[in-house]
Amino acid sequence: MKKIMVVCGNGLGSSFIMELNVKKALKEMEHTAEVDHTDLTSAKSEQADIFIGAGDIIGQLDDGKRTLVSLENMMSIPEIKSKLEPHFQ
Amino acid sequence: MLELIMTDILGTPSILVGLFALIGLLLQKKSSADVVSGTLKTVMGFIIIGAGAAVLIGALDIFGKMFDHAFNVQGVIPNNEAIVATAQGSYGTSTAMIMVFGMIFNIILARITPFKYIFLTGHHTLFMACLLAVTLSIGGLSGIPLIAVGSVLLGACMVLFPALLQPFVRQITGSDDFAIGHFGSVGYFISATVGKWVGNKEKTTEQIKVPKSLGFLRDTSVAVSLTMTVFFVIVALFAGQEYIETNLSGGSNFIVFSFIQAITFAAGVYIILAGVRMLIAEIVPAFQGIADKLVPNTKPALDCPTIFPFAPNAVIIGFLFSFLAGLLAMFVLPSLSLSVIVPGLVPHFFTGAAAGVFGNITGGRRGAMAGAFANGLLISFIPAILLVLMGDIGFEGTTFGDSDFGVIGIVILSFMKFLGLS
C-alpha cells in the first residue's frame with residue numbers, strides 16, 4: 001500500500017485538514033493508501049511514497065528523489081484528485 | 001470507589017481525554033484496532049506534552065535569569081505550547097473538560113444560531129480552553145461552574161471569531177466554502193480595518209516580486225531555533241561571560257551554553273507539538289463526524305495557513321512588518337512599566353502572515369504593511385497587559401501569544417474584577 005505524507009509548517013492544523021481532504025479524495029477515486037500528516041522538519045526524515053502540501057512548503061522537501069505533489073488550494077478536493085490520480089496508474 | 005473515579009480517573013487529564021476519545025471512536029463504529037490505538041495515542045499525547053514542558057521550562061528559566069541580570073527587567077516569551085504545557089499540572093483537568101464541552105457547545109450554537117461554523121483547529125481549541133480554565137480560576141470560579149462557564153464561552157468563541165472574519169475570508173478565497181478558525185482573529189480583523197483606511201486594494205501585493213528565500217521560516221522548528229539562538233546569544237552577551245559561567249553554566253563557555261539552551265527550548269516545543277498532534281488527530285475527526293450528522297450546512301473553520309496560498313507575497317510582507325512592530329514594542333514596553341515581550345518568529349510569522357493577507361484584501365500593499373504592523377503591536381501589548389492581570393500564578397517566563405487569547409483573557413479578568421470576584 002502506498003504511503004502519503006501531508007506536510008505543513010507546524011504539522012498541526014492545515015496539514016491535518018488536508019489529510020482529511022486527501023482521504024476524502026482517495027475514497028472518491030476508489031484508491032486506498034495510508035495517509036498521515038506532519039511538520040516540515042519531521043517530513044525531511046520520514047519515508048513516504050508521496051509527499052503532498054502547499055507549494056512553498058513542499059518545494060523545500062525536494063531532494064531529487066522524493067515524489068512531491070504541490071497544491072495551490074489545499075482545500076480543493078478536485079485539485080487533490082487530479083494531482084494524485086497520475087500516481088495511482 | 002467514588003474517590004478512584006473522581007480523583008484518580010477523572011482528575012487525571014490524560015485519562016479523561018483518553019476516555020472522550022474512546023467514546024468518540026466507539027460512536028464512529030471504528031474497528032477495535034483503531035479504538036485501542038486511538039485511545040492509547042490520545043493518552044500518550046497528553047503525557048508527551050508534559051514531558052516537552054519539562055524540557056522547555058529548564059531553558060526558559062535560564063533565559064529569564066540571563067535577561068533579568070542583563071537588563072534588570074523581566075523578559076517574557078509568548079508561546080502557547082509552553083504555557084499550556086506548563087498549566088497542565090494545576091489546570092489540566094478543567095482544561096480537558098472545557099475543551100470537550102466547548103466543542104459540544106460549538107455544535108449546539110451552530111445548530112441554533114445563524115453562525116454555522118464548526119471550529120476544527122484543534123490545538124487552538126485546547127489553548128483557549130486552557131486560557132479560560134486559568135483566567136476563570138483566578139476570577140474565583142471552580143468545579144462545575146468553572147467548567148460550565150468556560151465551555152459556554154469556548155463554544156461562543158468557536159463560532160463568533162470565524163463569523164467576524166467571514167466577510168473578508170469570502171473576498172480572499174473568492175468563495176464561501178470555509179472559514180478561518182484561528183485565535184488570532186482580532187489581529188486579522190484590525191489588520192483588515194486598518195487596510196481599509198490606509199490603502200488601495202487595487203494595488204495588491206501580488207504584483208510585486210518577492211524572494212522565496214524566507215519560506216524556510218514556515219518550518220516551525222527552524223524558526224523557533226533561530227529566534228531563540230539570536231535572543232539567547234544577544235542576552236548572553238549583555239549578561240556577561242562571568243555571570244553565566246559562574247552562576248548558570250557550571251563553567252562551560254557562555255556562548256556554547258546559550259546556543260544549547262536555545263536549541264533545548266526549540267526541542268521542548270517540538271516535543272510538545274508531537275504530543276498535541278497525537279491528541280488532536282483522534283479528537284477532531286470525531287468532532288467533525290458528530291457535527292456533520294447533527295448540523296448540516298455548516299462551514300469548517302480552519303487554521304490560518306489555509307489562506308496563505310491566496311496571497312503568497314502578502315504572507316512574507318505581513319511577517320516582516322509584524323516582526324518589526326514586535327521589535328519596536330520590545331523597547332517601548334519597559335518605559336510603560338510592562339514586562340518585555342520577546343518577539344517570537346512563530347507568532348509573528350503565522351499571525352503576521354495572515355494579517356498581511358487580510359490587510360492586502362482591503363488595502364493592497366499599504367494595507368498589508370500597516371495591517372500586519374498593527375497586528376504586531378497587538379500581539380506585543382496584549383500579552384503584556386494580560387500578564388499584569390494574571391498576576392503571580394507561576395507561569396513566569398511565558399504567556400499566551402495570539403491576539404484572541406489575550407483579548408478574551410483581559411475581558412474575563414476585568415469583568416471578574418469589576419464584579420469584585422478576583
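Short to long, the 10 Å bins of the Cα pair-distance histogram for segment B:308-422 hold 16, 40, 29, 13, 2 percent of all pairs. By how many degrees, 0 to 90 and rounded to 10, does the Cα axis of helix A:14-29 deviate from the longest principal axis of chain A? The helix A:14-29 is inclined about 30 degrees to chain A. The calculated FRET efficiency for B:Thr113 paired with B:Ile23, based on their beta-carbon distance and R0 = 35 Å, is about 0.85. I want to make sure I understand the PRE zone here: with the label point 7 angstrom from the Cα of B:Val233 toward its beta carbon, which residues in segment B:333-349 have backbone N atoms less than 19 Å away? Flagged as within label range: B:343-346. Computed on chain B, with alpha-carbon pairs under 8 angstrom and 6+ residues apart, the relative contact order is 27 percent.
For chain B, the Kirkwood hydrodynamic radius comes to 22.0 Å, computed from all pairs of different C-alpha atoms.
Shown are B:Arg277, B:Arg365, whose ranking by accessible area with a 1.4 Å probe and every protein chain present, most to least, is B:Arg365, B:Arg277. The residue among A:Asn10, B:Ala353, B:Gln74 whose Cα reaches farthest toward the positive pole of the charge dipole of the protein assembly as shown, with charges on the beta-carbon of Lys, Arg, Asp and Glu, is B:Ala353. Label-to-label distance for B:Ile47 and B:Asp68 is 3.4 nm, based on points extended 7 Å past Cα in the beta-carbon direction. Calculated [222 nm] ellipticity per residue, helices only, for chain B: -25500 deg cm²/dmol; basis is -39500 (n - 2.57) per DSSP H run with n ≥ 4, divided by all residues, nearest 500. For segment B:1-91, the Kirkwood radius over C-alpha pairs fed into Stokes-Einstein at 20 °C and 1.002 mPa s yields D = 138 µm² per second. Span-like helix check, chain B: qualifying full DSSP H segments, with Cα axial length of 18 Å or more and mean Kyte-Doolittle of 1.0 or more, are B:13-27, B:32-71, B:80-112, B:122-138, B:143-173, B:220-239, B:254-294, B:312-332, B:345-390, B:403-418. Close amide H partners of A:Ala54, meaning residues 5 or more places away or on another chain with modelled amide H under 5 Å apart, are A:Leu71. For B:Val233, the solvent-accessible surface with a 1.4 Å probe is about 40 Å², rounded to the nearest 10. Once the chain from B:Val388 to B:Asp292 is taken as fully extended at 0.36 nm per residue, the excess over their C-alpha distance is 30.4 nm. Across the options B:Gly240, B:Gly174, B:Phe257, the greatest Cα extent toward the positive end of the charge dipole of segment B:166-291 (unit charges at beta carbon of Lys, Arg, Asp, Glu) belongs to B:Gly174.
Highest GNM mean-square fluctuation among B:Ser339, B:Ser322, B:Ser32, for chain B modelled with Cα contacts below 10 Å: B:Ser32. Against the compact-protein benchmark of 2.2 N^0.38 Å, the Cα-based radius of gyration of chain A scales to 0.95. Relative contact order for chain A: 33 percent, from Cα pairs under 8 Å spaced at least 6 residues apart, divided by residue count. Since only A:Ser70, A:Leu26, A:Ile80 are under comparison, the one whose Cα sits farthest along the positive direction of the charge dipole of chain A, derived from C-beta charges on Lys, Arg, Asp and Glu, is A:Leu26. Remark on the protein assembly as shown: Rg and Dmax equal 22.2, 68 Å (Cα only). About its Cα centre, the dipole of chain B is roughly 1260 debye, where the only charges are +1 on Lys and Arg Cβ and -1 on Asp and Glu Cβ. From the alpha carbon centroid of segment B:305-326 to that of segment A:59-89 is 24 Å.
The values are calculated or read from the model by the stated rules, or taken from the named source; none is laboratory data. Quick caveat: nothing in here was measured; it's all calculated off a predicted structure. Methodologically, a virtual Cβ is constructed for each residue, glycine included, from the backbone with ideal geometry; neighbour enumeration extends over all protein chains shown. Heavy atoms of the whole protein, side chains included, go into the accessibility calculation; ligands, DNA and RNA do not. Shrake-Rupley method; radii C 1.70, N 1.55, O 1.52, S 1.80 Å.
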